[in-house]
Amino acid sequence: MKNTLIIFAICFFMFSPKTTSQVTTNKYELEFDKLLAKKSPEYYDVLINILLQFQENLISNNIIENNNYQSYIRLLNRISEDDKLEFDITYDLKGSLEGHVDGLSKAFSTESSLIAQSYLNIHNSKNFLFSQKVSEMAKNGQELNRSTLANLILEVYNEKDFELPLVKLKIFKFLDASSDFIVYTNYGKPDPN
């Protein structure tokens, strides 16, 4: 009987449709990270430095314990449980990034278009999956607030994703209320008029 249950469970997982979060990889984010490092190494280094400084500020203000992924998981879980959770971030992330936008635009090229064309889809992009989930929530009338967004971040991104500077920047912008974390998504059908 036990063997039959094990075989049934294996067959169920093998032949059942996978959810989008199971089949999604971060191939787009990986490829874009490589392109950014190659096309704009100065910006890439500045971005890494800014992220490290922001992280140190989070640690020094006791917002996270240390720089490991589990510290961020605990913080995002706290935010998911308390939408009104506030903490004092003294590092000016938005100001630090200003003046360096041209470095990011250097990476946008024919190569970035090809990467987007190949990988910016539900199977190869966590950012695409995140935006799709936000869109679905909006379409279904679910409330979008810091708690629900923290839950989505926890659901979509994993430790390997967090190692990528642009993913880490997205999460840091979410944590920093002064950064104007904005989620762009399409809602409804386009109006032909």
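Assorted remarks:
- Pairs exceeding a 20 Å alpha-carbon distance, out of K133/K170; K34/K133; K126/K173; K27/K168; K39/K173; K139/K170: K34/K133; K39/K173; K139/K170.
- Cα coordinate range in the stretch 20-73, projected on the principal axes (Å, largest first): 35, 34, 11
- Summarising the label geometry, the points placed 7 Å from Cα in the beta-carbon direction at E155 and L52 lie 3.5 nm from one another.
- Linear extension gain, E98 paired with L114, 0.36 nm per residue minus alpha-carbon span: 3.1 nm
- Anchor K84: aspartates and glutamates whose Cα lies under 19 Å away (excluding residues fewer than 8 positions away in-chain): E143, D176, D180
- Cα-based reach from K160 at 12 Å (exclusive), listing aspartates and glutamates while leaving out same-chain residues under 8 positions away: E29
- Applying Stokes-Einstein at 25 °C and 0.890 mPa s to the Kirkwood radius of the stretch 37-115, computed over alpha-carbon pairs, gives a translational diffusion coefficient of 167 µm² s⁻¹.
- Rolling a 1.4 Å probe over the protein heavy atoms leaves E155 with an accessible area of roughly 100 Å².
- Inter-label distance, T90 to S71: 1.6 nm, where each label sits 7 Å from its Cα along the C-beta direction.
The values are calculated or read from the model by the stated rules, or taken from the named source; none is laboratory data. Model, not experiment: these values are computed from the prediction. So basically every Cβ, Gly included, is an ideal-geometry build from the backbone, and we count neighbours across all protein chains shown. Remember, those area values only see protein heavy atoms, side chains included, never the ligands or the DNA or RNA. Shrake-Rupley method; radii C 1.70, N 1.55, O 1.52, S 1.80 Å.
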